[in-house]
Amino acid sequence: MFENLSVFENRYEELNMKLYDPAVAADRNLYRDLMKEHKEIEPIVEKYRALKKAEASLEDAEAILNDSEADKELRQMASDEMSAAKSDVESISEELKILLLPRDPNDDRSVIVEIRGGAGGEEAALFAYNLYRMYNMYAEKRGWKTEIVSLNETELGGFKEVSFTID
C-alpha cells in the first residue's frame, strides 16, 4: 500500500536542495511556495522513514529467528524485537494512512463562531460565556487571533449571544 511513498521522499529531498539555492531564496513567492510544500510533506516523509526502519528491524529479527546456528538467548531477543517491530509497523501504518488523507481546502481559512445562550435564562448565558472563554483560550494556545464581531451581554456577565472570528 505504501510502495509509492518513495515519490514523497524524492520530492522532499528535491525541495531541500532547491531551498538551499540562493536564486530560490531571492524569489520570495517561490521560496514561500516551496516551504509550504516542504512543510506539508515533511510529516509523511518522516513517518515513511520510520516505517522503513521498523520493517528493516522486522526483517533482521526474522533472519535471526530463521538462523539455525543462533543460540537460545539471541532467538529470544529476536522474538521480542520482532513483536515490537510488528506493533511499530502497524501503528506507523495507521498514522501514515491518516497523513495521506486529502486535506480540506478550507483548513487554512478563518472561521466565524456564533454562540447563543438559548433557553435557560442566566444559567444558559453564563454557559455561553464559559464556552466563549474556552474557545478563546484554545485559540490563544494555538497562536490564532480572535476578534469579537457582535456581543450581547447580560447583567450578571453572561452572554445572550456572541459572534467572533478566529484567524
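The values are calculated or read from the model by the stated rules, or taken from the named source; none is laboratory data. All values reported here derive from a predicted model rather than from experimental measurement. Cβ: placed from backbone, ideal geometry, glycine included. Neighbour counts: every protein chain shown.
Out of the residues in the range 98-119 meeting the condition of being among the charged types (D, E, K, R) and within 18 Å of Asp167 (Cβ to Cβ), tell me which one is farthest from the chain's Cα centre (by Cα).
Initial filter on the range 98-119 (among the charged types (D, E, K, R)): 103-104, 107-109, 114, 116.
Checking the rest, the ones that are also within 18 Å of Asp167 (Cβ to Cβ) come to 104, 107-109, 114.
Working: Asp104: 13, Asp107: 12, Asp108: 13, Arg109: 17, Glu114: 26 Å.
Within the range 98-119, the match that is farthest from the chain's Cα centre (by Cα) is Glu114.
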**Request:** Run down Ala54, Ala50, Ala63 and say which single residue is aliphatic (A, V, I, L, M) and over 25 Å from the mean Cα position of the chain (by Cα).
**Result:** Ala63
**Message:** Of the residues Leu74, Leu5, Leu19, only one is at pLDDT 90 or above, surrounded by 12 or more Cβ atoms within 10 Å (Cβ to Cβ) and touching a helix residue (DSSP H, G or I) at 6+ places or on another chain (Cβ under 7 Å); which?
**Reply:** Leu19
**Request:** Pick out the one residue from Leu58, Leu15, Leu34 that is in contact with an Asp or Glu (Cβ under 9 Å, 6 or more places away or on another chain), more than 24 Å from Val89 (Cβ to Cβ) and not polar (S, T, N, Q).
**Result:** Leu15
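Looking at Glu122, Glu90, Glu161, Glu95 in this structure, which one is in contact (Cβ under 8 Å) with a residue 24 or more places away in the chain and either assigned by TED's automatic domain parsing to the domain that holds Ser57 or within 23 Å of the chain's Cα centre (by Cα) (or both)?
Details: Glu122 fails: either assigned by TED's automatic domain parsing to the domain that holds Ser57 or within 23 Å of the chain's Cα centre (by Cα) (or both); Glu90 fails: in contact (Cβ under 8 Å) with a residue 24 or more places away in the chain; Glu161 fails: either assigned by TED's automatic domain parsing to the domain that holds Ser57 or within 23 Å of the chain's Cα centre (by Cα) (or both).
Going through Glu122, Glu90, Glu161, Glu95 in turn, just one is in contact (Cβ under 8 Å) with a residue 24 or more places away in the chain and either assigned by TED's automatic domain parsing to the domain that holds Ser57 or within 23 Å of the chain's Cα centre (by Cα) (or both): Glu95.
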**Request:** Report yes if some residue within the range 53-64 is among the polar types (S, T, N, Q) and outside any helix (DSSP H, G or I); otherwise report no.
**Result:** no
**Item:** Conditions (1) in contact with a Leu (Cβ under 9 Å, 6 or more places away or on another chain); (2) in contact (Cβ under 8 Å) with a residue 24 or more places away in the chain; (3) acidic (Asp, Glu): number failed by Asp167
**Value:** (1)
